[in-house]
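Colleague: Sharing a structure with you now.
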Amino acid sequence: MYETTYHRPSSIDEAAALFSKGKEAKYLAGGHTLIPVMKQRLASPSDVIDLGKIKELIGVEPSGDGIVVKAATTHYDVATSDTVKKALPALAYLASLIGDPAVRHRGTIGGSLANNDPAADYPAAVLATGATVKTNKRTIAADEFFKGLFSTALEDGEIITAVSFPVQAKAGYAKFPHPASRFALTGVFVAKTPSGDVRVAATGASQNGVMRIPAIEAALKANWSAGALDGVSISADGLLSDIHGSADYRANLIKVMAQRAVTAAG
Amino acid sequence: MGVEGIGASVVRKEDKRFITGKGRYVDDIKLVGCTHAHFIRSPHAHAKVKGIDSTEAMKMPGVIAVLTGQQLVDDKIGNLICGWAITSKDGSPMKMGAWPAMAPETVRFVGQAVAVVIAETKNQAKDAAEAVVVNYEELPAVADVRAAIKSGAPQLHPEAPGNIIYDWHLGDEAAVNAAFSKAANVVSLDLTNNRLAPNAMEPRAAIADYDAAEEHFTLYTTSQNPHVARLVLSAFYNVAPEHKLRVIAPDVGGGFGSKIYIYPEEMVALWASKKVGRPVKWTGDRTEAFLTDAHGRDHVSHAEMAFDKDNKILGLRVKTHANFGAYMSLFSSAVPTYLYATLLSGQYLIPAIYAEVIAVYTNTTPVDAYRGAGRPEASYLLERMMETAARQLKVDPAELRKKNFITSFPYQTPVIMAYDAGDFHASIDAAMKAIDYAGFAARKAKAKSEGKLRGIGVSCYIEACGIAPSKAVGSLGAGVGLWESAEIRVNPVGTIEVLTGTHSHGQSHETTFCQIIAERLGVPISQVSIVHGDTDKVQFGMGTYGSRSIAVGGTAIVKAMEKVEAKAKKIAAHALEASENDIVIENGEFKVTGTDKSIALPMVALAAYTAHNLPDGMEPGLKETAFYDPTNFTFPAGAYICEVEVDAATGKTSFVNFVAADDFGRLINPMVVEGQVHGGLAQGIGQALLEHAVYDGNGQPVTASFMDYTMPRADDLPSFKVSHTTTLCPGNPLGVKGCGEAGAIGASAAVINAITDAIGNNKLEMPATPDRVWHAIHG
Ligand SMILES: Cc1cc2nc3c(=O)[nH]c(=O)nc-3n(C[C@H](O)[C@H](O)[C@H](O)COP(=O)(O)OP(=O)(O)OC[C@H]3O[C@@H](n4cnc5c(N)ncnc54)[C@H](O)[C@@H]3O)c2cc1C
């Protein structure tokens, strides 16, 4: 690791001010992505600004038509939150599948979304539920937030403060873990809004990161059942291919995981 | 026996230290004035080193030296050696290319060191390493064993034309041809045995400390065999003379073979310590472990088996290409030859066997012995063959095996090994009972009715352990003898120290070796301590690998104990005014049989050291040494049966059950044995389902971190049902065979046989990832 200066601000504004002062500053939340990268000397921030101790960034709250998960809330807290389990149990379940207990006790939803790993779990939930990402500057719709591999709509220094998930009539997540990393080799989140709209997002599969699957959305809108997907075929074009999963295998997983997510959603 | 003697599941003495964080590993050792080394490693699989410019690096804070391969050459430091000479079919010696500890001219795999930075701190060394400019001229590279032997393939070493190290054979080709010509059925099979990265929990590390006044070196290193390290470092590498080099292998966090070898980093640390006049420490990280710890396996084979009309095996023909990586590691040449082809008879009566093995250089990390070493490759080939044959011949796989089992011992195979004892029917029967083999058809039908694919797979392995009779291995090309030594010191107050040349890095010697003493003397194990891992304390030894420690090292302890007891009995008889022949040892006392006269061990020991009243002419002291050279290998064997369910939609395999019935001879500590079996099974299953060290076509490693290389985790594994059947080993007084490698040798075939049974398709290679299984099912 290269030398760096660690800061522990106590408010969002203080964090943003520290960021603009730093030469090449980086926010730190759970550190489960940033620290390994620094240890490998692949990142050398001049300043590391810890968001993890800022009280206004931690916690889960019910809101009128859904729930708000603040950015520095750990995966463990989401997985075990009664509020989440009641309003959007599929999200609690998704959080319970991230990494291992050590990862879940440190890693945060804000860090995961800001990083936008193409195999991360949360992006699937955010995109499928049509959630809104709140920052210290604005609100960003899910469809606008994810911009391909490890890239998002966030501007330099912008802080994710919370994610607002609208309540769903039905929602489910199914993950086929990558054998080595245990991220999603393919994970599919299916959601049906109270008005009957259906959104489906797959993570881990595409060369461009999390994506919606229109063919599955259409089939489920017509008939919300696992069987409705039997005849759907998913193209392998543009899908990732590596030693753990060829593109055609991932195409198959998108469909199979979507079916299992629907079954889980009930 | 006492409650802590042979056969008792005594809890491990070493666990208190490890569980409370008091283990002392190489990296825990802090020497005053220590400097830190960081190696500069090639990012290319094959390149010429055109120049190394360290001008800027030398100006950086804390930098003491930047040393290169050319300086090693200038100082006449020797190249790495391979300690086992193999002769090709045509009588020519194996063709070994030079392996310098740091490459002065050519790099041949990603991760090969070209230079080292020595600095005040590790971080300073890393910073400076980034400022060293190495000018490479890239060369074409080849990673795949089949591609490497094609004409026009990139050539690695001028010494080895066509990249071929040797083309060796074993067995009687004419007899095999004759057997095939009268066969009623021939079964053939192509197989790959996947390359594995060993991944001991503790990465390799070394601290070298040169004392200029004494011209003496001390090396702390992560070694399975510190004496072999000293021998090789002094005899071949010219870094230090033997009597001026002390090698200490303290607590070592797992080896699995990868810590047998003497690596470039240890050589360079010693040499550099003298150059900079201060201790030099190097601790590898996980990436360096993936790139530079010797890998395991990596065979491509074609095999054919001939059967008569009654399904009796007539002959076996095997051709294997073994990927050696870029250099010949210390014991690499022996692994696919004398540790592999000699086991191709398995548990079966095979009248004729012929094996050819072609050893090939590629631009990959060197390959050497890894838990099982050659024997897993043999067992996997044979046990997949038996399963394939059973399906082709339409007979039950267990029955086909039973029909061909060797049943009378000793049995001379056509491939050197002479099995001394065994009962293969007993193990397979025990395993079949444990898994309810008879009820499987019904379970499979039920699973099918629920839309699930169920399969069962058998694997009957045999291994040659207790490595090894020195004369025999010497005649086969080994550069060393493989005996073991032990020294027993009974201290004046009756406590006992056992010095052994084996090394414990997870094998529980500190407990089990004490149990041997407890058994013989009836003393508690708390009164005994095991000393190992220091060439200044233990006179000599060959270390731990090849499941040799109890069979060879344990027997050396018994031999030394016999001498101690003989002398102690004389002293006791003298003190008790009895005849030496009437003395028996019980519960720590020397008793005159049939009387109530006795003298306790501490009093005997004290008498030996006070020497006030010893028998006439007896030397004082109670300390004896024995060197034990086995007369044969030992032959642990067993049967593993695995039942799986495959999810056809995803190709994911789940375990329903996994049973093991092993014959290890006498068990010293059943709990420890079970632990060894569990670990071995985890590695065997890891190979079958998860682990694969992969290179791309340019020799770039694809799996150099745990994000890509799948290490088995607890939830990847079933709850094992382990049991034992026993035939005692006639070759040693303990009747032991060794248990360290069995699981890794026998498990993979059982798993793959179960999956291929479930999916009804034999076209499957290891690791059987969900992706591969799904493709096997769906095309
Ligand atoms: C062993 C292991 C297994 C894992 N398995 C999984 C898995 O199965 N599924 C999965 O989805 N993930 C997995 N992860 C990733 C884990 O969820 C990480 O925690 C997550 O990716 C990053 O969150 P963090 O809080 O640790 O962020 P950090 O590492 O602290 O930061 C990551 C990036 O986000 C930025 N950042 C952090 N917070 C904010 C914010 N509020 N606003 C703006 N930028 C911010 C940082 O500057 C940095 O660039 C795993 C990680 C590990 C180490």
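Colleague: Which of the following residues is crowded, with 21+ Cβ neighbours inside 10 Å, hydrophobic (A, V, I, L, M, F, W, C), within 14 Å of the ligand (Cβ to nearest atom) and within 14 Å of another protein chain (Cβ to nearest Cβ): A:ALA120, A:ALA114?
Modeller: Just one listed residue meets the conditions, A:ALA120.
Colleague: Another question about this same structure. Hey, among B:PRO730, B:PRO712, which residue is open to solvent by 10 Å² or more (accessible area, probe 1.4 Å), away from chain A (no Cβ under 14 Å) and not polar (S, T, N, Q)?
Modeller: B:PRO730
Colleague: List every residue pair whose Cβ atoms lie under 8 Å apart, where the two residues are 6 or more positions apart in sequence or sit on different chains, the first residue falls within the range A:134-150 and is polar (S, T, N, Q), and the second residue, located anywhere, is open to solvent by 50 Å² or more (accessible area, probe 1.4 Å).
Modeller: Hits for this filter: A:ASN136/A:ASP13.
Colleague: For the range A:188-212, enumerate the residues that are among the hydrophobic types (A, V, I, L, M, F, W, C) and open to solvent by 10 Å² or more (accessible area, probe 1.4 Å).
Modeller: Those that are among the hydrophobic types (A, V, I, L, M, F, W, C) and open to solvent by 10 Å² or more (accessible area, probe 1.4 Å): A:VAL210, A:MET211.
Colleague: Out of the residues in the range A:6-27 that are surrounded by 13 or more Cβ atoms within 10 Å (Cβ to Cβ) and closer than 16 Å to A:VAL37 by Cα, state the one that is nearest to the other protein chains (Cβ to nearest Cβ).
Modeller: By that ranking, first place goes to A:LYS26.
Colleague: Now for a different question. Exactly one of these conditions fails for A:LYS175: (1) under 12 Å from the mean Cα position of the chain (by Cα); (2) near the ligand (Cβ under 9 Å from one of its atoms); (3) part of a strand (DSSP E or B). Give me its number.
Modeller: Every condition holds for A:LYS175 apart from (1).
Colleague: Starting from residues that are part of a strand (DSSP E or B) and away from the ligand (no atom under 16 Å from the Cβ), keep the ones in the range A:197-216 and report whichever is farthest from B:PRO767 (Cα to Cα).
Modeller: It comes out as A:VAL198.
Colleague: Please go through the range B:313-334 and give me each residue that is among the aliphatic types (A, V, I, L, M) and assigned to a helix (DSSP H, G or I), ordered by number.
Modeller: Across the range B:313-334, the qualifying residue is only B:ALA334.
Colleague: If you don't mind, another one. Inside the range B:201-218, can you point out the residues that are in contact with a Phe, Trp or Tyr (Cβ under 6 Å, 6 or more places away or on another chain) and closer than 21 Å to B:GLU741 by Cβ?
Modeller: Of everything in the range B:201-218, just one residue is in contact with a Phe, Trp or Tyr (Cβ under 6 Å, 6 or more places away or on another chain) and closer than 21 Å to B:GLU741 by Cβ, namely B:GLU202.
Colleague: Tally the residues that are open to solvent by less than 30 Å² (accessible area, probe 1.4 Å), in contact with a Phe, Trp or Tyr (Cβ under 6 Å, 6 or more places away or on another chain) and among the charged types (D, E, K, R), restricting the search to the range B:550-577.
Modeller: Total meeting the criteria: 0.
Colleague: If you don't mind, another one. What's the total number of residues in the range A:163-215 that are over 19 Å from A:SER96 (Cα atoms), of a type in the set (D, E, K, R) and either free of Cβ contacts under 8 Å to residues at least 40 places away in the same chain or within 14 Å of chain B (Cβ to nearest Cβ) (or both)?
Modeller: 1
Colleague: Let me ask something else. For A:SER181, state whether it is part of a loop (DSSP other than H, G, I, E, B) and within 10 Å of the ligand (Cβ to nearest atom).
Modeller: The answer is yes for A:SER181.
Colleague: Also, I was wondering about something else. Collect the residues in the range B:748-769 that are open to solvent by 20 Å² or more (accessible area, probe 1.4 Å) and within 14 Å of chain A (Cβ to nearest Cβ), keeping them in residue-number order.
Modeller: B:GLU765
Colleague: Hey, another quick one. Any idea how many residues of the range B:267-289 are open to solvent by less than 10 Å² (accessible area, probe 1.4 Å) and not small (Gly, Ala, Ser)?
Modeller: Going through the range B:267-289 one residue at a time, the tally reaches 5.
Colleague: While we're on this one: Of everything in the range B:693-709, what is within 13 Å of another protein chain (Cβ to nearest Cβ) and either farther than 29 Å from B:VAL142 by Cα or crowded, with 23+ Cβ neighbours inside 10 Å (or both)? Give them in sequence order.
Modeller: B:ALA693, B:TYR695, B:PRO701, B:TYR709
Colleague: Please determine, by comparing only the residues of the range B:176-201 that are within 19 Å of B:LEU344 (Cα to Cα) and in a strand (DSSP E or B), which one is most open to solvent (accessible area, probe 1.4 Å).
Modeller: If we take residues in the range B:176-201 being within 19 Å of B:LEU344 (Cα to Cα) and in a strand (DSSP E or B), then B:ASP190 is most open to solvent (accessible area, probe 1.4 Å).
Colleague: Then there is this: Which of (1) part of a loop (DSSP other than H, G, I, E, B); (2) within 14 Å of chain A (Cβ to nearest Cβ); (3) β-branched (Val, Ile, Thr) is the odd one out, the single condition B:ILE668 does not satisfy?
Modeller: If we test B:ILE668 against (1) part of a loop (DSSP other than H, G, I, E, B); (2) within 14 Å of chain A (Cβ to nearest Cβ); (3) β-branched (Val, Ile, Thr), just (2) comes out false.
Colleague: Has the range A:79-87 got at least one residue that is farther than 17 Å from A:VAL167 by Cα and more than 10 Å from the ligand (Cβ to nearest atom)?
Modeller: yes
Colleague: Look at the range A:123-153 and say how many of its residues are surrounded by 20 or more Cβ atoms within 10 Å (Cβ to Cβ), within 23 Å of A:ARG250 (Cα to Cα) and within 12 Å of the ligand (Cβ to nearest atom).
Modeller: Residues that pass the stated criteria total 4.
Colleague: Oh, and also: Checking B:HIS505 against (1) out of contact with any Lys or Arg (no Cβ under 9 Å at 6 or more places or on another chain); (2) part of a loop (DSSP other than H, G, I, E, B); (3) open to solvent by less than 30 Å² (accessible area, probe 1.4 Å), which test does it fail?
Modeller: With respect to (1) out of contact with any Lys or Arg (no Cβ under 9 Å at 6 or more places or on another chain); (2) part of a loop (DSSP other than H, G, I, E, B); (3) open to solvent by less than 30 Å² (accessible area, probe 1.4 Å), B:HIS505 is out only on (1).
Colleague: May I ask you to list pairs of residues, at least six apart or on different chains, whose Cβ atoms are under 8 Å apart, with the first in the range A:23-41 being without any contact (Cβ under 8 Å) to a residue 40 or more places away in the chain and the second being aromatic (Phe, Trp, Tyr) and within 8 Å of the ligand (Cβ to nearest atom)?
Modeller: Cβ pairs passing all conditions: none.
Colleague: Out of A:ALA219, A:ALA251, A:ALA226, A:ALA265, which single residue is surrounded by fewer than 24 Cβ atoms within 10 Å (Cβ to Cβ) and either acidic (Asp, Glu) or within 21 Å of B:ALA768 (Cβ to Cβ) (or both)?
Modeller: One residue alone meets the criteria, A:ALA251.
Colleague: So A:SER233 clears everything in (1) touching a strand residue (DSSP E or B) at 6+ places or on another chain (Cβ under 7 Å); (2) within 14 Å of another protein chain (Cβ to nearest Cβ); (3) more than 16 Å from the ligand (Cβ to nearest atom) except one condition, right? Which one?
Modeller: Result: A:SER233 passes all but (1).
Colleague: Cβ-Cβ under 9 Å, sequence separation 6+ or interchain: first residue in the range B:238-258 and free of Cβ contacts under 8 Å to residues at least 12 places away in the same chain and not assigned by TED's automatic domain parsing to the domain that holds B:GLY533, partner surrounded by fewer than 19 Cβ atoms within 10 Å (Cβ to Cβ) and assigned to a loop (DSSP other than H, G, I, E, B). Which pairs?
Modeller: Cβ pairs passing all conditions: B:PRO241/B:GLU215.
The values are calculated or read from the model by the stated rules, or taken from the named source; none is laboratory data. Computed from a predicted model, the values in this text were never measured in an experiment. Glycine gets a Cβ as well: all are built from the backbone with ideal geometry, and neighbour counts include every protein chain shown. Heavy atoms of the whole protein, side chains included, go into the accessibility calculation; ligands, DNA and RNA do not. Shrake-Rupley method; radii C 1.70, N 1.55, O 1.52, S 1.80 Å.
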